[in-house]
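Asker: Have a look at the structure that comes next, please.
Read the figures in this text as sums done on the coordinates, not as results from a lab. These numbers were taken from a predicted model, which means no experiment stands behind them. We place every Cβ from the backbone using ideal geometry, glycine too, and count neighbours over all the protein chains shown.
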Amino acid sequence: MSAQAAIQPASLRLRTADIGGISLVEGLHRAGSALPWHSHAGPTFCLVLRGAFAEYTRGRTIDCSPSSLKLTPAGADHWNRFDLGDVRGLQIEIDPARCHAVERYGAVLDQHRHFGTGAELQLARRLYAEFRTMDSAAPLAIEGLLLELIALIARSRRLGPIAGRAPDWVRRAHELLHESLATRLSLSGIAGEVGVHPATLARGYRRAYGCSLGEMQRRLRLELAARLLAATGLSAAEIAQLTGFFDQSHLTNSFRRHFGTSPLRYRSALRDDVTPR
């Protein structure tokens, strides 16, 4: 084989589907490659399945890490560099002709958004699982999940300023959850740290973030576990210990309820052979 024949393409399209104006492409970008300035005709979501890369827009840089989701508005110029290794992702582009179905939420799709945690990622992963299954019910499920994702983003935009105006003790409690994922925190312990009564903290946190501290802590732990499964070779037992679960069984059961699949199946899906279909 000649050296020229052995050169791998800079990018591969691994799976594709078109569902009534919703285009889905699972692709692989090789380490060291780049996509020059370009834009998309319709609003586009990108779920990063494996690897990390940088996206540059006019006056902004977005660091896209494993297990993160970004939204790029229609017509927005951007370019991408893949300097940190191979990157695998799912791109979902909505045909402009389909946008009338969500025109009430047009302002949501007209803004750059990036999600490193949250329910948005859960929906995107469920959509990816349907895309991989692609049975007779998958197109309907994918369309429904995409609309649910857009609705969730619209709702979070309305809730966002509430969290931003929350008292300092609420925001500090939120920071403690991020800082202590492997620690089994109690409501009274967090309340003591931030200096308020537990009942006051519980009400204030739910008002600001739309869920309880326990629900948020579980979500953050599971999202960290998903990132570790995608980006490391750690065993499920090691990941369970690092993310604050009692043991591997506890992680597996919680992960399956949250993402609809087991940790090992999730990892296996991301590490399939990259053979175009």
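Asker: Counting helices only, and only those DSSP H runs with n ≥ 4, report the 222 nm mean residue ellipticity of the chain as the sum of -39,500 (n - 2.57) divided by its residues, in deg cm²/dmol to the nearest 500.
Answerer: Numbers: 11 runs with 128 residues, N = 277.
Helix contribution divided over all residues of the chain: -14000 deg cm²/dmol.
Asker: For a protection proxy built on the mean count of beta-carbon atoms within 10 angstrom, sort 31-39, 221-229 highest first, please.
Answerer: Details: 31-39: 12.3, 221-229: 22.3.
Most protected by this proxy first, the peptides run 221-229, 31-39.
Asker: Could you tell me whether the stretch 131-249 comes out rounded, prolate or oblate from its Cα gyration tensor? Rule is a ≥ b ≥ c as square roots of the eigenvalues, rounded for a/c under 1.5, then prolate if a/b exceeds b/c, otherwise oblate.
Answerer: Oblate, since a/c reaches 1.5 and b/c is not below a/b.
Asker: Which whole-Hz couplings ³J(HN,Hα) result when phi for each residue of the stretch 73-88 is put into the Karplus expression 6.51 cos²θ - 1.76 cosθ + 1.60, θ = phi - 60°, listed in order with x for Gly and Pro?
Answerer: Per-residue couplings from phi come out as x, 4, x, 7, 5, 7, 9, 10, 10, 10, 8, 9, x, 4, 10, 10 Hz.
Asker: Helix 198-209 against the longest principal axis of the chain: what's the angle in degrees, Cα atoms only, rounded to the nearest 10?
Answerer: 30
Asker: Of Gly210, Gly244, Gly195, which is the most mobile in a GNM of the chain whose springs link Cα atoms less than 10 angstrom apart?
Answerer: Looking only at Gly210, Gly244, Gly195, the largest GNM fluctuation is found for Gly195.
Asker: Please find, in a Gaussian network model of the chain (springs between Cα atoms separated by less than 10 Å), the residue of Gln122, Gln111, Gln217 whose mean-square fluctuation is greatest.
Answerer: Gln111
Asker: Considering all projection directions equally, how large on average is the shadow of the alpha-carbon convex hull of the chain, in square nanometres? Please report the intermediate quantities before stating the final value.
Answerer: Details: hull surface 66.6 nm².
In nm², the orientation-averaged hull projection of the chain is 16.6.
Asker: Starting at the first residue of the stretch 127-144, write each ³J(HN,Hα) from the Karplus equation 6.51 cos²θ - 1.76 cosθ + 1.60 with θ = phi - 60°, in whole Hz, x for Gly and Pro.
Answerer: Those phi angles translate into 5, 5, 4, 5, 4, 6, 6, 6, 8, 5, 8, 4, x, 5, 5, 4, 4, x Hz.
Asker: Please rank Val194, Val87, fewest neighbouring Cβ atoms within 10 Å first, as an exposure proxy. Mind dumping the intermediate values first?
Answerer: Values: Val194 20, Val87 25.
By the 10 Å Cβ count, ascending: Val194, Val87.
Asker: Just to be sure I understand the curve: with the Debye formula and one point per C-alpha of the stretch 166-210, what is log10 I(q)/I(0) at q = 0.21, 0.22, 0.34 Å⁻¹?
Answerer: Scattering profile of the stretch 166-210, log10 relative to I(0): -0.61, -0.67, -1.37.
Asker: Using θ = phi - 60° and the Karplus curve 6.51 cos²θ - 1.76 cosθ + 1.60, what whole-Hz ³J(HN,Hα) does each residue of the stretch 176-190 get, with Gly and Pro shown as x?
Answerer: 4, 4, 5, 7, 10, 5, 8, 9, 7, 7, 10, 4, 5, x, 5
Asker: Which angle between 0 and 90 degrees, to the nearest 10, do you get for helix 248-259 versus the longest principal axis of the chain when only C-alpha atoms count?
Answerer: Approximately 70 degrees, to the nearest ten.
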